[in-house]
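Worksheet: the structure to be examined is printed underneath.
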Amino acid sequence: MAFHAPAALNTHQTCLNDHPAITIVDKSGVHSVSISYCQCPGAPTRDIQLFQAGLFPASFTRPKTAFTFSVLDDFLLNNLECGTSAMNYYSKIWRLTSSVFPLMVPVSCHCLHSVIRQWHQCKLYKWHGFAHKSDEPKASDLALFCPVCPQPGINLDLTISTSTRPDNTPSWLFTRTLVMDGNFKAEHLHPVNPSNEVSLMDGLAFMIGDERYKNCVQRSDCNNHLVVNQANASRQRLEATGIGGCACARHGCFVPHSMVDFQKGER
Ligand SMILES: [Zn+2]
Ligand SMILES: [Zn+2]
Ligand SMILES: [Zn+2]
């Protein structure tokens, strides 16, 4: 077996012979590993101990399945560059574990779906500087806008008054040009169990916050919207009929906190 429990998990003296076996999913395959959790007074909880050992537990109170950090990173990379779905990636892991009886491998593909979303969110927090501080990110804090377009305070200093700038400074240097576009084919069905749907980053990245968007849409009384709404009145079973947003016109970068789900036609 390629997996080694780190020393911190098995050198402590207060062992109570409680060595539960948990399923570890790694890049090298699926393994069943029994783990001696530290039971010293003041020891962290089991899920925290797994995190310290580089394992992401699929559940937090009595973990039965855990994913190594490397398999999660590997999946994110595969998903980004090769478009691999969680199901396909998991089939690969099955086949790696047992090429003769891949279906005998304990199934936990549905765990991968939820763990990978939490893992990706942890990464986003880290990449945007929210890992070691207690302040919560605000709207659009977990996304970056175009690095080339003018952004006051980031690549544009507004404290330099216009009079001190050279006369021939072109005005486009300080102008943002945005385009709006949408995809009206990206339909999204209503979830089967709405209570199971937990929003991990409501409005923190490119999509607009749910609450804020719904308030805005209800106040809209644009004629054009009303016409399109009539045409799509029959699409009751869809939660979203498309997706749209703003991007900078020169470089095509999406504007954070500007993407919306169309509910009816172009609304
Ligand atoms: Zn022991
Ligand atoms: Zn201990
Ligand atoms: Zn741009």
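The values are calculated or read from the model by the stated rules, or taken from the named source; none is laboratory data. Remember, it's a predicted structure, so these values are computed and weren't measured experimentally. Here the Cβ positions follow ideal geometry from the backbone for every residue, glycine too, while neighbour counts run over all protein chains shown. Protein only, heavy atoms only, side chains kept; ligands, DNA and RNA dropped before computing areas. Shrake-Rupley method; radii C 1.70, N 1.55, O 1.52, S 1.80 Å.
Could you tell me what percent of the DSSP beta bridges with both partners in region 7-127 are antiparallel, to the nearest 5? Spell out each step's value before the answer.
On the way: 9 of 12 bridges.
Looking only at bridges with both residues in region 7-127, the antiparallel portion is about 75 percent.
Counting only protein chains, not ligands or nucleic acids, how are Met180, Met207 ordered by accessible area (probe 1.4 Å), most first? Mind dumping the intermediate values first?
Working: Met180 160, Met207 75 Å².
Sorted descending by solvent-accessible area, the residues read Met180, Met207.
Take the alpha carbon gyration tensor of region 41-106, find the square roots of its eigenvalues, order them as a ≥ b ≥ c, and report rounded if a/c is under 1.5; if not, report prolate when a/b exceeds b/c, else oblate.
oblate
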Inset, instruction - Kindly report, to the nearest 10 Å², the accessible surface of Glu81 as traced by a 1.4 Å probe over protein heavy atoms only. - result: 140
Inset, instruction - Note down the magnitude of the dipole of region 7-127 about its Cα centre, charges +1 on Lys and Arg C-beta and -1 on Asp and Glu C-beta and zero elsewhere, to the nearest 20 debye. - result: 140
Legend entry - Rounded to whole Hz, the Karplus (6.51, -1.76, 1.60) HN-Hα couplings of region 57-70, x for glycine and proline: x, 6, 9, 9, 7, 10, x, 10, 9, 9, 10, 6, 4, 5
Inset, instruction - Write out the trypsin sites (Lys or Arg not before Pro) in region 113-153 meeting two conditions: DSSP loop, and at most 15 other Cβ atoms within 10 Å of their Cβ. - result: Lys133, Lys138
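Assuming a ≥ b ≥ c are the square roots of the Cα gyration tensor eigenvalues, decide whether region 7-127 counts as rounded (a/c under 1.5), prolate (otherwise, with a/b larger than b/c) or oblate.
On the way: a/c = 2.58, a/b = 1.47, b/c = 1.76.
Cα axes put region 7-127 in the oblate bin.
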Legend entry - Environment charge at Leu80 (Cβ cut-off 14 Å; Lys +1, Arg +1, Asp -1, Glu -1): -2
Inset, instruction - Keeping all protein chains in position, work out how much accessible area Leu80 exposes to a 1.4 Å probe, and write it in Å² to the nearest 10. - result: 130
